[in-house]
Amino acid sequence: MENAEEVLKEETDKETEEETRFFHPVKLSETEETLDENEIEKSKVKIETKLQDLLRSINEETLQLSEFLMEEPKLINELCTSLKQILKKLNISFNLSPSSLPVKRKVKKVILNQDGHLIFVYEKEEVDSAFLAEYPPEIVMAVLWTVMPELAKVLTLYRKKVSVRVNFFGRVKKELNGVAKAMLGTEQQPVEKTEEHMDVVKSSLENEDKNI
């Protein structure tokens with residue numbers, strides 16, 4: 001009986017010892033942590049080098065981001081101003097599909113008018129309107145992406161219309177120049193003859209004076 005109790009006690013002690021080893025707060029892996037001074041210094045240098053590289057990269061990205069954030073509103077305003085001038089000259093507006101724009105509210109109609117204003121008409125007839133450049137860059141980009149192909153078609157038609165006028169004016173100009181030359185040439189002939197006659201008369205008078 002005593003032997004059985006001793007055996008049971010030994011097994012219990014072993015289990016307790018194994019559990020203690022497994023949950024020991026210092027021993028986290030099978031390999032023991034080295035406290036070599038050279039290794040610590042190498043690790044320190046390696047960490048500092050990586051940290052410096054990381055901070056340098058973040059600094060460069062921050063500078064570029066700052067430049068882009070300053071440049072973007074300026075470009076958008078200039079671009080939208082040029083678009084406004086074109087739309088005004090062509091006297092055109094565009095009806096845009098609400099699904100093509102990144103808006104959260106339900107929109108019935110979206111219009112880009114000839115003054116460069118983007119107009120949102122909502123379900124309850126609510127209306128929002130502002131110059132295109134005043135909207136977020138994502139909306140401006142979506143509007144341009146939708147409008148540019150249609151604008152290219154309109155410009156092609158306008159160019160053809162202007163070319164018809166230019167060709168007409170060119171042909172009329174050519175004909176009128178021909179008529180003008182013919183008429184001016186007829187009127188100048190008597191003048192030229194008169195000048196020649198006066199030269200002859202002047203020469204004759206000078207010769208008579210010499211003879212005298």
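Between the listed residues 62, 168, 136, the Cα displaced farthest toward the positive end of the dipole of region 60-192, a dipole computed from Cβ unit charges relative to the Cα centre, is found at 168. Within the shell of other residues whose beta carbon sits under 14 angstrom from the beta carbon of residue 60, the net charge comes to -2, with Lys and Arg scored +1 and Asp and Glu -1. Loop-located GluC sites (Glu not before Pro) in region 27-122 (DSSP state other than H, G, I, E, B) with a sparse environment of at most 12 neighbouring Cβ atoms within 10 Å: 30, 32, 33.
Here, each number is a calculation from the coordinates, and none is a lab measurement. Since the structure is predicted, the reported quantities are computational estimates derived from the model, not experimental observations. When we count neighbours, we look across all protein chains shown, and the Cβ atoms used for this are built from the backbone with ideal geometry, even at glycine.
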